[in-house]
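The next block holds one structure in the form of structure tokens; read it before the comments.
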Amino acid sequence: MKNLAVAGALLLLVGAGCSSKPNASSLAGKWEGYFVVDGKPAPSDGMDWTFELLPNGTFTGHMESHVMMDVLQEIKGSYSVTDVDVSLLGTAQSKFDDGYKNWNSTDPYIRRLKLQRDELVLTDANPEDSFFVVFRRAGAGPPAPLPDPPVKPSDPDAIELIKKVEAFYASLESYSDTGEVRSNGEGFQPKEASFVTRFRRPNLFLFAGDHVGERDVVWCDGKKSWLYMSDAYPDRPLSSAAERPLGNGLSILDVGCGQQSSFIPSLLMPKEMRFSPFSTYQEFSLLANVSEGGKVLRVLHLSRPRRDSLTLWIDSASLLIVKTKSTYADEEVTYHPSANPALKAADFKPRPLKS
């Protein structure tokens, strides 16, 4: 979390208007950051990121973010220019405030930017990334959108399987699971987490996720839905829970507990959640079946250009999803599901971490 301001695979494109032989003078000036998502400029509400390159070979930078937490970063140092790249070397002084505590940090700041089409590209980033940041001269405005990438034809059998899975989950009168999450921790995803889901029509629901000594719960008592987050305070009472729409509460938990927080619930309650977890994917294919634990699993692969891909392992007999693997944060989720179990009202009672 302390490296939030400078971490991640960000593509930094600087519309520099450089000559064929760039130097400090040709690059000098103030540069403003813009977000690009799926090749299109996106609003940067809550985020401000600028650099100023000085003719004497020094630079200053400012990054301010109010997304999820407050981050203020002041950067300074020197830069060098070659025919192919620009190297930044300096120090970043950062202030953080997550709403519960604040802290300061001073860290080395090192970046090497590759010159490409009058732009500067961070050398450890991938131009096909779905999210990156573009720096352009102050007043130049956002970059032009990239052309849409081609979409591969989908396998009709894969699309048919998706329809069967959606119809199956939407038809269940009750559902329960336990599960585990493993990831590389990127994008705020938990490196390790466990969870439980319980559902009974018409409107009883509970999702609880445990990660790094915290417990997050979203539940519906049949009348209202609530969000509880322990936030590293294991004794925080359930009375601190906030009333939230079900979909909103689960989307918040996607950050800390993992994407599975809303994945299965969106299949069980498509009207309430207002989206399908498959709707953002554009390419669908079937991989070879696998046998595991005496079950034959159908393997479904979903992808989208410039974005992450998702693989699902589906029990061919029951249509229950038993595992998913996403390229986003290399996240793997294992489910131990049960269709139409007998669930009592007491099974939907939330519990704090210490109970």
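Derivation of every value follows stated rules applied to the coordinates shown; laboratory data play no part. What you see is a predicted model; the values in this text were computed from it and never measured. Glycine also receives a Cβ, built like all others from the backbone with ideal geometry; neighbour counts cover every protein chain displayed.
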Going through 40/271; 40/114; 101/224; 163/323; 224/323 one by one, the pairs whose alpha carbons sit over 24 Å apart turn out to be 40/271; 101/224; 224/323
Using the Cα gyration tensor of the chain, the equivalent ellipsoid's semi-axes, largest first and to the nearest Å, work out to 43, 26, 16
For the chain, modelled as a GNM with alpha-carbon contacts under 10 angstrom, which of 280, 311, 50 fluctuates the most?
280
Mind listing which trypsin sites (Lys or Arg not before Pro) in region 253-332 are in a DSSP loop and have 15 or fewer other Cβ atoms within 10 Å?
274
Given the DSSP H assignment, sum -39500 (n - 2.57) over each helix run of at least 4 residues in the chain and divide by its residue total; what's the result at 222 nm in deg cm²/dmol, nearest 500?
-3500 deg cm²/dmol
Compute the distance in nm between two label points, each set 7 Å from the Cα along the Cα-to-Cβ direction, one at residue 342 and one at residue 155.
4.0 nm
Along each principal axis of its Cα atoms, how long is region 30-100 end to end? Whole angstroms, biggest number first, please.
42, 31, 16
Expressed in angstrom, Rg and Dmax over the Cα atoms of region 267-348 are 14.6, 45
Of 150, 142, 55, the most mobile residue in a GNM of the chain (C-alpha springs, cutoff 10 Å) is 150
Can you list the lysines whose alpha carbon sits under 16 Å from that of residue 95, skipping same-chain ones fewer than 8 residues off?
2, 76
